[in-house]
Each structure stands twice: as structure tokens, then as C-alpha cells.
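The values are calculated or read from the model by the stated rules, or taken from the named source; none is laboratory data. Treat the numbers as computed from the prediction; the structure is a model and nothing was measured. Backbone-built Cβ (ideal geometry, glycine too); neighbour counts: all protein chains shown. Quick note on the areas: whole protein, heavy atoms, side chains included, nothing else; ligands and nucleic acids left out. Shrake-Rupley method; radii C 1.70, N 1.55, O 1.52, S 1.80 Å.
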Amino acid sequence: PEPGVRVETVEERLRLLGSVESAYLDMFLVLGGLGVVFGVAGVALVILRGVEERRGEMALLSAVGVSRRTVLKLLAGEYGILVAGGLVSGILPALVSIQPAVRALHADFPWRAMTAVIAGMLLCAALSVWGAALVASRRFGPATLKEEV
């Protein structure tokens, strides 16, 4: 570029600043999506670890005739409540923290994208809880009870 003063219109400058802002927002959306993926994997691992520590309890339930489906429902309900509490305690403060942006943008705020992200988080959490509970409910039978004694 040549040295000196460069004159540009306000529209050009605002468009440039808007594109930079858009790039930052896109980057944070991608990083947030990665956070959700890692969070879901973490939830599944915590559930599997918790069930592994309670393998004697799971084997005892199996030995006394509790069906695998009932064990699955118990595990999914127990960990589902924990995950739901975590989601609520994360989503509510996030919605409160974006209130200044909502007021500033008025109708331009991306409500559909925000709703899709929250729905995706809820779906991923439900799938991770159900999947981990399903895997855990298959792992422990009466033979495990012999190992625990």
C-alpha cells in the first residue's frame, strides 16, 4: 500500500468491521460446538465410570431377577436427572448473559440458530445418557457377582 491517508466511506468501513465480527462469532460457534461434543463424551465417560464402580449393585439386581430394561430405565433416569440439572444450570445463565445482545440486535438476533444449538445439546445429552446406560446395563450379569464376593 502507498503511504498516506486512505479515504473510505462509512458503509465500506462498517462492512469490514461487520465481516470481522461475523468471523469471530462463527469461530465461537465452532468452538462452542466442539465444547458440546467433548462435554457429551465426558458425560458418557462419567456415567460409565459411575456404573463400573457400582458393578456389584448392577450384578445383584440382575441376580435377583430385575430385567435389563428396568436397570436401563433406572440408570437413564438417575443420570438423566444429573445431566438435566447440569444443562439447566448452564443454559439459564447463558440466556441471561446474552440479554444485552438481544436488546441491541432486536429482530436480527439469530433465535433459530440459538434454538437449534440448545436442541442439539439436549439431544446429544439424552443420547449420551441413554447410550451409556444401555452399554452399562449389558455389562454386568450374575457372573460379576461372584467376582465381587
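Does ARG54 satisfy the condition of being open to solvent by less than 90 Å² (accessible area, probe 1.4 Å), charged (D, E, K, R) and out of contact with any Leu (no Cβ under 9 Å at 6 or more places or on another chain)?
Values: open to solvent by less than 90 Å² (accessible area, probe 1.4 Å): yes; charged (D, E, K, R): yes; out of contact with any Leu (no Cβ under 9 Å at 6 or more places or on another chain): yes.
Considered against the rule, which asks whether it is open to solvent by less than 90 Å² (accessible area, probe 1.4 Å), charged (D, E, K, R) and out of contact with any Leu (no Cβ under 9 Å at 6 or more places or on another chain), ARG54 comes out as yes.
If we only count helices (runs of 4 or more DSSP H) wholly inside the range 1-120, which ones have 3 or more residues that are at pLDDT 85 or above and farther than 30 Å from ALA132 by Cβ? First the steps, then the outcome.
On the way: elements: 10-53, 55-63, 68-97, 99-105.
Ranges flagged: 10-53.
Determine the pairs where a residue that is free of Cβ contacts under 8 Å to residues at least 60 places away in the same chain, located within the range 46-67, has a partner that is not in a loop (DSSP other than H, G, I, E, B) with Cβ atoms under 7 Å apart, the partner being 6 or more residues away or on another chain.
Short answer, once both residue conditions are applied: LEU61/VAL71.
Any idea how many residues of the range 29-56 are farther than 12 Å from VAL83 by Cα and under 17 Å from the mean Cα position of the chain (by Cα)?
Restricting attention to the range 29-56, the residues satisfying the condition of being farther than 12 Å from VAL83 by Cα are 29-38, 41, 45, 48-56.
When the remaining residues are screened for being under 17 Å from the mean Cα position of the chain (by Cα), the result is 29-38, 41, 45, 48.
Going through the range 29-56 one residue at a time, the tally reaches 13.
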